[in-house]
Amino acid sequence: MVIRAPLETVFQATADLLRWPSVLPHYRWIRVMETNEDGLIVQMAARRAGLPIRWTSRFRVDATARELHFQHLKALTRGMHVVWTYTPAAEGVEVRISHKLECTSAVGRWFANCVLGKMFITPVATLTLTRFKEYLEQKGT
């Protein structure tokens, strides 16, 4: 998704994880469970079509590469690695969220793709980017 705002503005706003619930209405809360040299261990809670969902992740900001990294630590998405990348574009900044969850069985791959991916991960990620786009583009005007 392209956000019409300066790269630094977009990166700083999206990297400010603890502020997400005040900017993103579908996020219920984010709780810091642990802080260490690798970043934060956080419990995150959101809503997907009114359903409450939550997960625990290791969160790390790579300011040099302009990337956000989440490693899911518990529940059905345990082991999933999520990376946010930022690429300057003619009209602003292209922000991409990639999710990688490796499953060894055919049933596991189907469940990860068809249930988790299509029903939860993609809708929440898309709404997150859409809300950041609205927030940052409105803030810039």
If ligands, DNA and RNA are left out, what is the accessible area of residue 74 with a 1.4 Å probe, given in Å² to the nearest 10?
-> 120
Using label points projected 7 Å from each Cα along Cα→Cβ, tell me how many nm separate residue 1 and residue 32, to one decimal.
-> 2.6
Checked the chain against the a/c 1.5 cut and the a/b vs b/c comparison, axes a ≥ b ≥ c from its Cα gyration tensor; verdict prolate
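Kindly report the accessible area of the chain per residue (heavy atoms of protein chains, probe 1.4 Å, no ligands, DNA or RNA), in Å². Can you show the working numbers first?
Details: 8170 Å² over 141 residues.
Solvent-accessible surface per residue comes out at 58 Å².
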Calculated from DSSP helices alone, with each H run of at least 4 adding -39500 (n - 2.57) and the total divided by the residues of the chain, [θ]222 nm to the nearest 500 comes to -7500 deg cm²/dmol
Accessible surface, 1.4 Å probe, highest first, among residues 44, 33 = 33, 44
Which residue fluctuates the most in the chain, going by a Gaussian network model with Cα springs under 10 Å, if the choices are 76, 24, 40?
-> 76
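In the chain, carbon and sulfur make up what percent of the accessible area (probe 1.4 Å)?
C and S fraction of accessible area: 54 percent.
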Ranked order, 97, 3 - accessible area, probe 1.4 Å, largest first = 97, 3
What relative contact order, as a whole-number percentage, does the chain give when Cα pairs under 8 Å and 6 or more residues apart are counted?
-> 24
Taking only protein heavy atoms and a 1.4 Å probe, the highest-to-lowest accessible-area order of 23, 93, 32 is 32, 23, 93
With the charge dipole of the chain built from beta-carbon charges (+1 for Lys and Arg, -1 for Asp and Glu) about the Cα centre, the Cα from 15, 46, 83 projecting farthest to the positive end belongs to 46
Assigning unit charges at the beta carbon (Lys, Arg +1; Asp, Glu -1) and nothing else, what dipole magnitude in debye, to the nearest 20, does the chain show about its Cα centre?
-> 620
Ignoring ligands and nucleic acids, residue 67 exposes an accessible area, probe 1.4 Å, in Å² to the nearest 10, of 50
Using a cut-off of 9 Å between beta-carbons, work out the net charge of the residues near residue 2 (Lys and Arg +1, Asp and Glu -1, residue 2 not included).
-> 0
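The values are calculated or read from the model by the stated rules, or taken from the named source; none is laboratory data. Given the structure is predicted, the values throughout are model-derived calculations rather than measurements. Positions of Cβ are generated from backbone atoms using ideal geometry, with glycine treated the same way; all protein chains shown enter the neighbour counts. Note: accessible area is taken over every heavy atom of the protein model, side chains too, but ligands, DNA and RNA are not part of it. Shrake-Rupley method; radii C 1.70, N 1.55, O 1.52, S 1.80 Å.
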